[in-house]
Each structure stands twice: as structure tokens, then as C-alpha cells.
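Shown next, in C-alpha cells, is the structure this report addresses.
The values are calculated or read from the model by the stated rules, or taken from the named source; none is laboratory data. Not measured: the values here are computed from a predicted model. Quick reminder, even Gly has a Cβ in these numbers, built from the backbone with ideal geometry, and neighbours come from all protein chains shown. SASA here: full protein model, heavy atoms, side chains in, ligands and nucleic acids out. Shrake-Rupley method; radii C 1.70, N 1.55, O 1.52, S 1.80 Å.
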Amino acid sequence: MRVNNKILFSISNTVRTFEVLFISIFLSRFIDDKNALGELLQIIFISSVLITALSGLPLSLNFFYGKYDTLNEKNSLFGKFFMIIILLTLLICFLLYMSAPYISSSFKNEAFADHIYVIIFYYFFKSINSIFPNYHYLKNKLNIYLLLYTLSFIALLGCFLYNYASNSFITHLVLFQLLCLEFTRLIINVFIIKRKEVGFNLKDFNKQEFIYISTISLGVIFGALNLYVDKYFIAIFLDPTDFVYYQNGAINLPFVHIITSSLFIALVPVFAELQSKNKMLELITELKDTILKCSFFLIPILVYCFFEAVPLIKFLYGNDFEISGEVFKIYILRYSLSVVAFSVFMGSIGLEKKANFIILLSAIICLVLNSTLIPIYGIKGAAWATVIASLSTIAVSFHFINKKLLLNVVNYFPIKKYFIIISLSIITYIPFYVINLCFETKWFVVMASVIYYITTLAILNSHFKMLEFKKLLKYK
């Protein structure tokens with residue numbers, strides 16, 4: 001029996017999201033020189049910015065795949081999107097190469113200029129690979145992709161363990177290993193895809209696709225600015241060591257991407273189809289159900305991470321990173337309404353321009369606050385600036401969605417159930433808080449988190465009846 005394709009898509013996002021976190025953890029654990037560690041994390045940070053900036057292309061691919069009716073129209077999309085992402089990646093890599101001296105000077109990062117050729121090829125292969133998860137998802141071949149991706153990631157961790165055992169954890173070797181990982185994945189993907197589905201034909205391009213792609217991509221770039229501006233200011237105002245402490249605390253919480261983004265991105269074709277066919281009642285029902293699912297799975301995680309931020313970060317990165325835990329506790333607050341992927345949903349119902357405006361507004365607020373608070377409060381100032389900027393524009397998002405759907409927030413956002421989930425999650429945490437105080441060990445806090453999560457889901461499920469385990473293994 002095959003697993004539901006949406007479940008596999010969420011799992012693939014889980015693996016890809018945790019990969020960045022695990023790389024950061026391994027490097028932080030094994031590299032004692034905080035400055036050298038900071039230089040490596042800054043290079044990986046730039047790759048994350050690049051991938052985020054290009055993520056509008058996979059999102060647009062999902063949109064048109066849901067909108068088009070015929071198989072020929074759907075299949076023609078893959079070749080077009082592969083061509084676009086290759087051309088854009090070449091352009092971006094060229095610009096990065098030309099600006100390497102400036103980046104190296106601004107970030108106080110000599111490694112960026114010293115290893116620019118390896119870094120550029122690493123960015124190029126990683127960017128090309130970003131389109132494949134959506135291809136495999138839409139073509140129902142995620143099981144093969146997921147297996148190969150996971151095995152290659154395990155191989156990378158094996159290389160890191162070898163570096164540690166042989167005392168050879170040096171910058172250029174780590175960068176070369178990251179390059180080999182992405183190159184191997186590209187070669188594997190080339191052999192998996194079907195050639196007839198990625199034919200290149202310039203006549204297949206149309207104006208509507210270019211307009212939508214450009215609009216969504218612009219919004220994604222604004223989103224990247226909003227998402228990473230705090231780390232950029234940390235890099236230019238402070239030094240690589242401070243960057244390490246902030247980066248390891250200001251985690252783009254993997255569970256948000258795994259749960260919320262995966263669910264909303266997987267449903268982009270559904271939202272787009274229902275919107276194009278004017279099936280508003282079904283669209284609203286689907287939206288409300290998705291928000292409830294995100295709240296059900298995500299809120300308990302946020303509650304536990306908020307109250308146990310410091311021991312969790314110390315468990316991941318070591319006792320030297322207590323200040324990162326304090327940053328993490330502040331940073332968690334930005335995810336309080338992350339049960340809705342606003343830009344993804346707005347883009348799927350024709351509000352991509354409004355979504356871009358909101359993202360840009362949030363980015364401007366974030367930029368102003370970071371440039372003001374970091375010189376005064378350091379890395380904690382950056383965390384508070386990000387939280388304020390993220391939450392300050394949510395009301396604007398709801399306003400535009402309300403106008404589009406001709407409804408109020410209460411009609412599609414399960415407000416009462418959302419607060420019930422928060423309340424039950426906090427109440428369930430209270431005994432765990434007492435137990436964690438008694439033991440005061442990082443390992444116990446982490447083990448207790450698993451018990452807490454399972455217990456909370458069981459209590460919530462008894463109230464909401466969300467989980468039907470038989471359906472999880474049913475292939476559609």
C-alpha cells in the first residue's frame with residue numbers, strides 16, 4: 001500500500017528542512033573556532049537566501065499545474081521552469097562572483113573570497129535541485145526521490161563524522177563536501193526524470209505565465225528580504241562569532257515549514273482550481289480545514305519550544321550557546337500565527353500583488369527596526385525587530401483576504417478552536433514544567449518533549465477528532 005502523496009511531500013520537506021538544521025548542529029558541535037564557524041554559517045546562510053529567492057518558481061509550477069486541464073499543457077510546464085531556473089541561477093551566481101570582495105569585506109568573512117569558485121558551484125547545483133521536489137510531487141514519484149535524498153544526506157553526515165574523527169574539520173573541505181552532495185543529487189535527478197516531460201520549446205512560453213511568475217517571484221524576493229534581513233544586519237554590524245550565536249538562536253523553525261508550508265504548498269493546485277471554477281464554498285471549507293490541521297500539529301510544538309527554549313538550544317548546540325537559547329525564546333513569538341501561509345494562499349487565489357505589498361511592508365519595518373535595535377541591544381534587538389515586523393502586518397493580510405472572499409475572518413479562520421488548542425497545550429505543559437525543573441538536564445527536557453507532544457495530540461484529538469490513521473496510508 002502506497003503512502004498518500006501529500007504525506008510524502010511533507011516528509012520530503014521535513015528532510016530538506018532538517019538538513020539545514022543538522023548541518024548547523026554538526027558544525028557548531030565539531031568546530032571550536034567560533035569565527036571559522038561563523039564564516040561557514042554565513043556561506044550557508046547566503047545559499048538559503050538564494051534558494052528562498054528562487055522558490056517562487058516551484059510555487060508557480062504548482063499553480064499552473066493545478067490550473068491547466070490537459071496533460072500536454074501540464075507536461076510543457078516542466079521544461080519551461082527548468083530553463084528559467086537555470087538561466088536565473090547562472091545570472092545570480094555571476095552577480096555573487098562579481099560581488100565576492102564586497103561580501104567578504106562587509107561580512108568580515110575571508111573564507112567567502114578565498115573559496116569563491118567552490119561556493120559558486122555549490123550555489124548553482126543547489127539552486128537547480130530546488131525544482132525537483134515539486135516535479136516528483138506532481139508526477140507522484142516522491143518515494144524514489146525521498147529515498148535518494150535521505151541516503152545522500154546520511155552520506156554527508158558520515159563525511160562530517162569522518163572529519164571529526166580525523167581532526168580535519170576545515171572550511172574548504174566542508175564546502176567541497178557540500179558541493180559534492182548537491183552535484184550527486186543533480187545527477188541522480190537527471191536520471192530519474194522522464195525526458196519527454198521536460199522538453200525545451202520556446203514556443204510554449206506565454207505572457208500570462210511570465211506575469212504570474214514575475215509577480216510571485218517578486219513577492220518571494222521581498223519575503224527573503226523580510227526573512228533574512230536580521231541576519232544580514234547581524235553580519236555587517238557585528239562579527240562572525242556574534243552571527244553564530246544569533247543564527248543558532250534565530251532558527252527558522254523547521255516544523256513551521258514542515259507543517260504549514262507543506263500543507264499550503266501541496267494544496268496550491270487545489271486552491272487555484274477551486275478559485276478558477278468559482279467554487280468558493282469548497283475553497284473556504286478547504287482553507288478552514290487546513291488552518292485547523294496546521295494549528296493542531298504546530299501549536300503544541302511552539303508552546304513547548306517557548307517555555308523550554310534555553311535547554312533545547314543547549315541540547316542542540318552545546319552549553320556555549322545559552323545566549324542563543326534566549327534569542328530563540330524571543331524568536332518563537334513570530335510564529336504565533338504561522339498556522340496560515342499567507343503569501344502562498346493569497347498567491348493561489350489571485351492576490352499575489354497584494355501579498356507582495358504586505359511582504360514588502362513587513363520587510364521595510366524589519367529593516368528599520370533591525371538597523372535601530374541591533375546597535376543598541378545586539379542580537380536580542382534583532383530578534384525583537386523580527387518578531388514585531390512579522391506580526392505587525394498580519395491584520396493587513398486578513399483584510400485583503402476578507403475582501404477577496406467577501407467574508408470576515410471568523411468565516412474561514414477557526415478562531416475558537418485555535419485558542420482552545422493554545423489553552424489545552426499550555427495546560428498540558430504545566431506538569432512537564434514541574435518535572436523538567438526537578439531533573440534539570442537537557443536530555444530529559446528533549447525526551448519529555450516527545451512525551452508532551454504525543455500526550456497533547458492525544459488530548460486534542462479526543463476533542464477535535466482530527467486524526468484518522470487509516471486514511472494516512474491510503475493513496476489517492
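Within this structure, Ala389 passes the test of being in contact with a Cys (Cβ under 6 Å, 6 or more places away or on another chain), among the small types (Gly, Ala, Ser) and assigned to a helix (DSSP H, G or I).
Quick check on region 257-296: of everything there that is open to solvent by less than 10 Å² (accessible area, probe 1.4 Å) and among the β-branched types (Val, Ile, Thr), which residue is nearest to the chain's Cα centre (by Cα)? Break it down stepwise before answering.
At the first step, the residues of region 257-296 found to be open to solvent by less than 10 Å² (accessible area, probe 1.4 Å) are 260, 262, 264, 266, 268, 271-272, 283, 287, 290-291, 294-296.
Now restrict to residues that are among the β-branched types (Val, Ile, Thr): 260, 268, 290-291.
Numbers: Thr260: 10, Val268: 16, Thr290: 18, Ile291: 18 Å.
Among those residues, the one meeting the criterion is Thr260.
For region 342-355, what are the residues that are open to solvent by 10 Å² or more (accessible area, probe 1.4 Å) and in contact with a Phe, Trp or Tyr (Cβ under 6 Å, 6 or more places away or on another chain)? Walk me through it before giving the result.
If we filter region 342-355 for residues that are open to solvent by 10 Å² or more (accessible area, probe 1.4 Å), which is where we start, we get 342-344, 350-354.
Selection gives Val344, Leu351, Lys354.
Screening Asp242 on (1) farther than 15 Å from Ala53 by Cα; (2) buried (at least 19 other Cβ atoms within 10 Å of the Cβ); (3) in contact with a Gly (Cβ under 6 Å, 6 or more places away or on another chain) shows it passes everything except condition (3).
Just to be sure, is Gly347 closer than 25 Å to Gln247 by Cβ and out of contact with any strand residue (DSSP E or B) (no Cβ under 6 Å at 6 or more places or on another chain)? Judged against the criteria, Gly347 is not a match. When Leu373, Leu369, Leu360, Leu333 are screened for being open to solvent by 10 Å² or more (accessible area, probe 1.4 Å), touching a residue at least 60 places away in the same chain (Cβ under 8 Å) and either part of a helix (DSSP H, G or I) or more than 23 Å from Val450 (Cα to Cα) (or both), only Leu360 passes.
For residues that are among the β-branched types (Val, Ile, Thr) and more than 20 Å from the chain's Cα centre (by Cα), scanning just region 387-409, find the one that is nearest to Leu373 (Cα to Cα).
Taking region 387-409 first, the residues among the β-branched types (Val, Ile, Thr) are 387-388, 393-394, 396, 401, 409.
Next cut, more than 20 Å from the chain's Cα centre (by Cα) only: 396, 401, 409.
Details: Val396: 24, Ile401: 32, Val409: 33 Å.
Once the filter is applied, the top-ranked residue is Val396.
Checked against the criterion of being modelled with pLDDT under 85, part of a helix (DSSP H, G or I) and of a type in the set (Gly, Ala, Ser), region 17-40 has no qualifying residue.
Each row is one residue, and each column tells you yes or no for (1) closer than 20 Å to Thr290 by Cβ; (2) touching a helix residue (DSSP H, G or I) at 6+ places or on another chain (Cβ under 7 Å); (3) among the basic types (Lys, Arg).
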residue: Phe345; (1), (2), (3): yes, yes, no
residue: Ala355; (1), (2), (3): yes, yes, no
residue: Ile374; (1), (2), (3): no, yes, no
residue: Ile379; (1), (2), (3): no, yes, no
residue: Trp384; (1), (2), (3): no, yes, no
residue: Leu391; (1), (2), (3): no, yes, no
residue: Phe398; (1), (2), (3): yes, yes, no
residue: Asn402; (1), (2), (3): yes, yes, no
residue: Leu406; (1), (2), (3): yes, no, no
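Each row is one residue, and each column tells you yes or no for (1) in a helix (DSSP H, G or I); (2) at pLDDT below 85; (3) over 23 Å from Thr17 (Cα atoms); (4) open to solvent by less than 10 Å² (accessible area, probe 1.4 Å).
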{"residue": "Ile103", "(1), (2), (3), (4)": "yes, no, yes, no"}
{"residue": "Tyr117", "(1), (2), (3), (4)": "yes, no, yes, no"}
{"residue": "Ile120", "(1), (2), (3), (4)": "yes, no, no, no"}
{"residue": "Tyr137", "(1), (2), (3), (4)": "yes, yes, no, no"}
{"residue": "Ala155", "(1), (2), (3), (4)": "yes, no, no, no"}
{"residue": "Phe176", "(1), (2), (3), (4)": "yes, no, no, no"}
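What are the residues in region 412-425 that are open to solvent by less than 70 Å² (accessible area, probe 1.4 Å) and either more than 27 Å from the chain's Cα centre (by Cα) or farther than 16 Å from Leu283 by Cβ (or both), if any? Can you show your working first?
Start the filter on region 412-425 by keeping residues that are open to solvent by less than 70 Å² (accessible area, probe 1.4 Å), which leaves 412-415, 418, 420-425.
Ile415, Tyr418, Ile420, Ile421, Ile422, Ser423, Leu424, Ser425, listed by residue number.
Quick one: which helices (runs of 4 or more DSSP H) sit completely within region 226-298 and have at least 3 residues that are closer than 23 Å to Ile394 by Cα? Full working, then the answer.
Values: elements: 240-247, 262-266, 268-276.
Output list reads 262-266, 268-276.
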